[in-house]
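Below: one structure, written as structure tokens.
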Amino acid sequence: MNPTVAAASVIAAALAVGLASIGPGIGQGNAAGQAVEGIARQPEAEGKIRGTLILSLAFMESLTIYGLVVALILLFANPFA
Amino acid sequence: MHMLDGLNIINSLPLAALEVGRHLYWRLGNLQIHGQVFLTSWFVIGLLLIAAIAATRNVQRIPRGIQNLMEYALEYIRNLAKDQIGEREYRPWVPFIGTLFLFIFLSNWSGALLPWKLIHLPSGELAAPTNDINTTVALALLTSLAYFYAGFRKRGLGYFAKYLEPTPILLPINILEDFTKPLSLSFRLFGNILADELVVGVLVLLVPFIVPIPVMLLGLFTSAIQALVFATLAAVYIGEAIEGHGEHEEEH
Amino acid sequence: MISQWSLLLTTAVAVVEEVEEKGKLFDFDATLPLMMIQIVILVAALNALFYKPLGKVLDDRDEYIRGGLGDAKARLAEAETLTKKYEAELAGTRRESQAVIATAKAEAQKIAAGQLAQTQQAAQVQREQAQQEIEQQKQSAFTALEPQVEALSRQILTKLLGAELVK
């Protein structure tokens, strides 16, 4: 493999994971904060709020996972190799 | 891949090997398949069938033991389907959604809990079946087929009217959605499970004792949530296809 | 530690270089359709083995519980009417028994009062009798004593004053 491509792929993989975790990180923080606020305001709705929160956290998490998949593609199945 | 060999030098523990993208190839006629995926999926399927048979062999009005457990699972799945598809239409879809949930759940947990790596294969290694992109894409495509089938059976060719809602301008996006749905479904599951296994593998390589345990527990949690997410999303898509803009039609 | 990291780095580079033998992470082959068929078969098998029989059990139990609930409600209502009836009966009986007790008490009181009065009367009569007797005896005793008193007082007198003076 061309060493330039290899180096670029490694850097791109790192950037893919790193950048892809920024947005979901903020989003998950927001969601968790709002959920806590909701529970504090309405403690009897805790079960419902927690279920919805976990499901939406999983959705946000999957955005990071897409970035991870791209990184894995670059590292293990590089199309430019 | 080389990564594994290099890392094996660092750590001589047999559990700590890290393999990505290696497969045990079987030949079926002139078809090539991944043996390790089928081995573990057969294990999971066998487990499911045994549990099903054990639960229904001697059904009682007052459940106990395995029957109680499986009834709990069934009721959970029914509630999930009922919540997403609706009271009226959910019954025929319970087997499909339930099988998705149970298969993914058991696959993920078998990958996280069972020390598959102690069994040596000539090439590749045993892991959760959902660790292979083929499995997750197969599940996602089945989900796509299921919601197409649900839409057609309920509304016939009128199902395509859905693509023009709310305005015809959104037609390309609506069509694109049909491709992104299976893509995101399969990649979400695949990425989560693979990432989980990789994180645990890397941690075990660096610190073989105790430290990886919290990550493993987190992995168990994520695995269960991913099974739930997959099943929920499949139910949501099917419910969307069935309901569509049904209340629209009732107004006329 | 540093040697480990450098090893990791070199292996990472080695990975990227090794990819020439074609990346196998996204390795689509006949596994995909076979897995789909397998899952469809699993859905069918579980539908026959698991969802249908156990779903039937769940529905039957729901039905049974609903039926049992209705039955129990009817029985509860029945029991309630019976309780009311028995309570009414009990109240009636209690009232009756109270009346019986009251009459018996009154009767007993009457008898007791009558007997008391009789006895008192008898006692009175006896007492009066006794008093009369005593009075009589006293009288007779007085009359018997009177001549003696006369005689005695005469004797005393004669002794004190002398016989001639008395005459």
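Are any residues in the stretch A:41-77 outside any helix (DSSP H, G or I) and among the hydrophobic types (A, V, I, L, M, F, W, C), and if so, which ones? Listed by number, the list holds a single entry, A:Ala77.
Within the stretch B:34-71, the set of residues being of a type in the set (S, T, N, Q), farther than 20 Å from B:Ser110 by Cα and either within 8 Å of chain C (Cβ to nearest Cβ) or surrounded by 14 or more Cβ atoms within 10 Å (Cβ to Cβ) (or both) comprises B:Thr56, B:Gln67. Among the residues of the stretch C:39-54, is any within 48 Å of the chain's Cα centre (by Cα) and surrounded by 10 or more Cβ atoms within 10 Å (Cβ to Cβ)? Checked the stretch C:39-54: at least one residue is within 48 Å of the chain's Cα centre (by Cα) and surrounded by 10 or more Cβ atoms within 10 Å (Cβ to Cβ).
If you filter the stretch B:201-222 down to residues that are away from chain A (no Cβ under 11 Å) and in contact (Cβ under 8 Å) with a residue 24 or more places away in the chain, you find that the one that is surrounded by the most Cβ atoms within 10 Å (Cβ to Cβ) is B:Gly219. Residue count for the stretch C:36-47 under the criterion of being more than 7 Å from chain B (Cβ to nearest Cβ) and closer than 21 Å to B:Gly65 by Cα: the result is 0. For the stretch A:38-46, the criterion of being at pLDDT below 90 and more than 8 Å from every other protein chain (Cβ to nearest Cβ) is met by at least one residue.
The residue list B:Leu185, B:Leu205 contains one member that is in a helix (DSSP H, G or I) and within 17 Å of B:Ala138 (Cβ to Cβ), which is B:Leu185.
Quick grid of which residues meet (1) at pLDDT 85 or above; (2) more than 20 Å from B:Glu197 (Cα to Cα); (3) away from chain C (no Cβ under 11 Å); (4) assigned to a helix (DSSP H, G or I):
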residue: B:Ala73; (1), (2), (3), (4): yes, yes, no, yes
residue: B:Lys82; (1), (2), (3), (4): yes, yes, yes, yes
residue: B:Glu89; (1), (2), (3), (4): yes, yes, yes, no
residue: B:Val94; (1), (2), (3), (4): yes, yes, no, yes
residue: B:Phe105; (1), (2), (3), (4): yes, no, yes, yes
residue: B:Ser123; (1), (2), (3), (4): no, no, no, no
residue: B:Leu126; (1), (2), (3), (4): no, no, yes, no
residue: B:Phe152; (1), (2), (3), (4): yes, yes, yes, yes
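When the residues of the stretch B:137-177 are narrowed to those that are open to solvent by 80 Å² or more (accessible area, probe 1.4 Å) and of a type in the set (Phe, Trp, Tyr), which ends up nearest to C:Phe26 (Cα to Cα)? Filtering first and then ranking leaves B:Tyr149. Just need a number here: residues in the stretch B:81-109 that are open to solvent by 10 Å² or more (accessible area, probe 1.4 Å) and of a type in the set (Gly, Ala, Ser). Counting residues in the stretch B:81-109 that are open to solvent by 10 Å² or more (accessible area, probe 1.4 Å) and of a type in the set (Gly, Ala, Ser) gives 1.
A single entry from A:Leu63, A:Leu57, A:Leu53 fulfils the requirement of being open to solvent by less than 40 Å² (accessible area, probe 1.4 Å) and under 24 Å from B:Ile225 (Cβ atoms): A:Leu53. Among the residues of the stretch A:7-44, those that are buried (at least 16 other Cβ atoms within 10 Å of the Cβ) and without any contact (Cβ under 8 Å) to a residue 12 or more places away in the chain comprise A:Gly38, A:Ile39. Checking every residue in the stretch C:139-160 against the condition of being among the charged types (D, E, K, R), part of a helix (DSSP H, G or I) and open to solvent by less than 100 Å² (accessible area, probe 1.4 Å) gives zero matches.
The values are calculated or read from the model by the stated rules, or taken from the named source; none is laboratory data. Since the structure is predicted, the reported quantities are computational estimates derived from the model, not experimental observations. Glycine gets a Cβ as well: all are built from the backbone with ideal geometry, and neighbour counts include every protein chain shown. Heavy atoms of the whole protein, side chains included, go into the accessibility calculation; ligands, DNA and RNA do not. Shrake-Rupley method; radii C 1.70, N 1.55, O 1.52, S 1.80 Å.
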